[in-house]
Amino acid sequence: IQTAAAAAAAAAAGGVAPALAGGDTFNRMSGVLEPFTDVQKGFKLYKPVAWNQFEADPGVYDMKWVDLIEPFETVQVSTSPVSTATSISALGELDEVGAKFAKSRDAQLVSSKSRDADGSLAYTFELKGDAYHEYLLLTINRGKLYRLSTVASNKRWSKREEMYKNVVLSFVPKGF
């Protein structure tokens, strides 16, 4: 979890204050990622440059980016209303929530981390299935459950892992 000084420095640098409890910090990757803000849905992140962008398939996603060459490689954000929970911790402990998601996807839970996403607790899971690898971020803010999913095939995961990690680290569930 980041210190107040690090949060203040990151806020001064554009409001992205990401750090996972393992010491991971956000990197724009020399222009591979560019900022994206959805004021209406209330989130911002850094998205892959030059990927196809798709807006809103109701009930499936709010925003989705797809690699032009490898269409299985996606970054997807979805939201759903929550009436009582104000924090992702209401779903349970980090590792137990990760285990539930892994089981529901017939995948192995590789890692679980938590971080403060500009005042909202965020859980991040790395999942590995038979054919795919995924980073999944979950957080709750202002009556919405946010779900950020970044997926690549197992074969291409080593080429996408660093970029996806930075997309996840950049995610902030705030209206602007």
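The values are calculated or read from the model by the stated rules, or taken from the named source; none is laboratory data. Model, not experiment: these values are computed from the prediction. No Cβ is skipped: glycine too gets one built from the backbone with ideal geometry, and neighbour counts run over all protein chains shown. These area figures cover heavy atoms from the full protein model, side chains too; ligands, DNA and RNA do not enter into them. Shrake-Rupley method; radii C 1.70, N 1.55, O 1.52, S 1.80 Å.
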* Structure fact -> The percentage of the accessible area of region 41-158 (probe 1.4 Å, all protein chains present) made up of carbon and sulfur atoms, to the nearest whole number, is 51
* In percent, how large is the relative contact order of region 105-176, given Cα pairs closer than 8 Å and 6 or more residues apart? -> 25
* Hey, what's region 57-176 come to in accessible area per residue, 1.4 Å probe, Å²? -> 46
* Separation of the residue 103 and residue 154 label points, Cα + 7 Å toward Cβ, nm -> 2.2
* Quick one: what are the phi-derived ³J(HN,Hα) couplings along region 51-63, Karplus 6.51/-1.76/1.60 with θ = phi - 60°, whole Hz, x for glycine and proline? => 8, 5, 10, 10, 10, 6, 10, x, x, 10, 8, 9, 8
